[in-house]
Structure formats: structure tokens, C-alpha cells
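Asker: Sharing a structure below in C-alpha cells format, with a few things to ask.
The values are calculated or read from the model by the stated rules, or taken from the named source; none is laboratory data. These figures come from a predicted structure and were not determined experimentally. Using ideal geometry, Cβ is built from the backbone for each residue, glycine included, and neighbour counts are taken over all protein chains shown. Ligands, DNA and RNA are stripped out before the accessible areas are found, and what is left, the full protein with its side chains, is counted by its heavy atoms. Shrake-Rupley method; radii C 1.70, N 1.55, O 1.52, S 1.80 Å.
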Amino acid sequence: MKNLYYFTKKELFEAWRTSRLMILIIIFLIFGLMNPLLAKLTPEIVKMTIGEALAKTFPEPTSLDSWTQFYKNLTQMGLIVLALMFSGVVSNEISKGTLINLVTKGLRRWTVIAGKMLSLVLQWTMCLFLTFSVTWGYTVYYFPDHKSPHLFQAVFPMWIFGILLLGLVIFSSTIARNNYEGLLLTGGVIILFVLANLYDKAKYYNPISLVTQNMRFLQKGSVLQDYFPAIIISTVLFILFIVLSILVFNRKKL
């Protein structure tokens, strides 16, 4: 466990030294600021585009509009940024041979995968907390309407899916030879999730539902119980991806 602690610490330090963590912080901070501001400025934008008379027919923005932007930005851009930033987390190190010295000096191979996974989960958790906190603060300031009562029930599934995505990224990067192969594999699995969601009965078991039903969770927290199977399956898949990554990495030539 001591080796795992130091390797994880090394990964976090490297993420900071290479400015990758800073880039993520800036991107997710921008998301957090954009969500309530876009909701607040939408009426003015509508006035400039279609005229004031027609703009009056549109309802006034509420906190729901701000949180709609939050989940829209995270699913359409935030998770994609994560996949792009970390797509070569294992394959790049193998191609550069940077792990050879560590492994030959006694570092267990499973520690490499586990340490990288812990590092990615910590970075994702920090970035999600940052953008959530900023969005929440400005939303309360601009829209104190109490129309979004179940904030944590809505964001928790997003966090779970992000961890599943990172597990998939680790696995893809472990079996791929480069970033592009890893991204293709990751994208292929996500597409399978999306296609499976076309079947209405499958949505309660499909991990992709954890990032498509957030507004329902936000307004009716009890609905989340119906999607517990999707949370359980996501957790099992995450564990499976990590175990498979370790097995594959144990056979990799460094």
C-alpha cells in the first residue's frame, strides 16, 4: 500500500507539473461560470435575435435552466474533455518506456493501474465539485426559486458515470498502442450504451441513463431509485475494467 500511495502521489504531481490538472481546473471552472450566466442572459440574447415583442412570449429563466446548462455542458463537453485528456494515460508511458525503471526496481504492475486510476478519480472528483459548487453558488444568487430541490441526487449519478468512463479509458489505453486506438475503443463502447438506450426497458439498467436523466433526478429525487440497477451495473463494469486492465498490463512488454 505504501507503493500505491507514493505512485498515486507521483501521478498527481506529474498532472500538476505538466499543467494537465490546471487545464482541467480552468475548463471546469469556466463551465461552472457559464451555466448560470447563460441562463440569466438568455432573455437578452433572445431579444437581440427575434425582437422584444416575441421575446416576451418566452418564460422567465429559472434555476432549472441553469442546471440544464450544467448537465448539458458536462455530458456534451466535460466528459469528452476527460476522455481526450486521459486517453493515453497508460499507452503513452509504455511507448516512452518510462515505467521500465519503476517496475524493475520492484514496483508491482497492479500498482501502476491502481495508482493511475486513483489519480484520475481524484482529479475528476475535484473538477466536478468545482464546477458544481460554482454553478450552485451563482444559481442560488440569480435564481432563488427553490425549483431544483434534489441537487445531490442529480449529481451523484453523473459522478458514478464519470468514474465508469475513467475505468473504460484506463482499460482502452492499456490494450491500445496509442491514443487514437484508445479513443476509438472508448467511443465505441459509449456508442453501444447509447444504442442500448433506444430500448425503453433497458434504460433502467443502462449506465448512459446516469447522464441523461439528471433533470428528472433533480426535480424528483425518488426517481433515482428506479435507476439503482444502472448504478450497480456501472460499478461492476468499472471493477471489471480495472481488473482486466491489470491482467492485460501484467502481460504487456514494457
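Asker: Take residues that are open to solvent by 10 Å² or more (accessible area, probe 1.4 Å) and either modelled with pLDDT of 95 or more or acidic (Asp, Glu) (or both) and tell me which of the helices (runs of 4 or more DSSP H) falling wholly in segment 53-169 contain 3 or more.
Answerer: Qualifying helices (runs of 4 or more DSSP H): 109-142.
Asker: Give me a count of the residues in segment 181-218 that are in contact (Cβ under 8 Å) with a residue 60 or more places away in the chain and of a type in the set (Ser, Thr, Tyr).
Answerer: Residues flagged as in contact (Cβ under 8 Å) with a residue 60 or more places away in the chain and of a type in the set (Ser, Thr, Tyr) within segment 181-218 amount to 2.
Asker: Continuing with the same structure: For segment 1-15, enumerate the residues that are hydrophobic (A, V, I, L, M, F, W, C), surrounded by fewer than 13 Cβ atoms within 10 Å (Cβ to Cβ) and in a helix (DSSP H, G or I).
Answerer: Within segment 1-15, the first condition is being hydrophobic (A, V, I, L, M, F, W, C), and the residues that meet it are 1, 4, 7, 12-13, 15.
Among the residues that remain, those that are also surrounded by fewer than 13 Cβ atoms within 10 Å (Cβ to Cβ) are: 1, 13.
Of everything in segment 1-15, just one residue is hydrophobic (A, V, I, L, M, F, W, C), surrounded by fewer than 13 Cβ atoms within 10 Å (Cβ to Cβ) and in a helix (DSSP H, G or I), namely Phe13.
Asker: Being closer than 30 Å to Ile94 by Cα and at pLDDT below 95 narrows it down to one residue among Leu237, Leu224, Leu184; which is it?
Answerer: Details: Leu237 fails: at pLDDT below 95; Leu224 fails: closer than 30 Å to Ile94 by Cα.
Leu184 is the lone residue from the list that is closer than 30 Å to Ile94 by Cα and at pLDDT below 95.
Asker: A further question on this structure: Being surrounded by 17 or more Cβ atoms within 10 Å (Cβ to Cβ) and of a type in the set (Phe, Trp, Tyr) is the filter here; which residues of segment 16-47 pass it?
Answerer: Within segment 16-47, Phe28, Phe31 qualify.
Asker: To continue, here is another question. Mind telling me which of the residues Ile239, Ile246 ends up being open to solvent by 70 Å² or more (accessible area, probe 1.4 Å) and in a helix (DSSP H, G or I)? Write out each step before concluding.
Answerer: Numbers: Ile246 fails: open to solvent by 70 Å² or more (accessible area, probe 1.4 Å).
Criteria check complete, one pass: Ile239.
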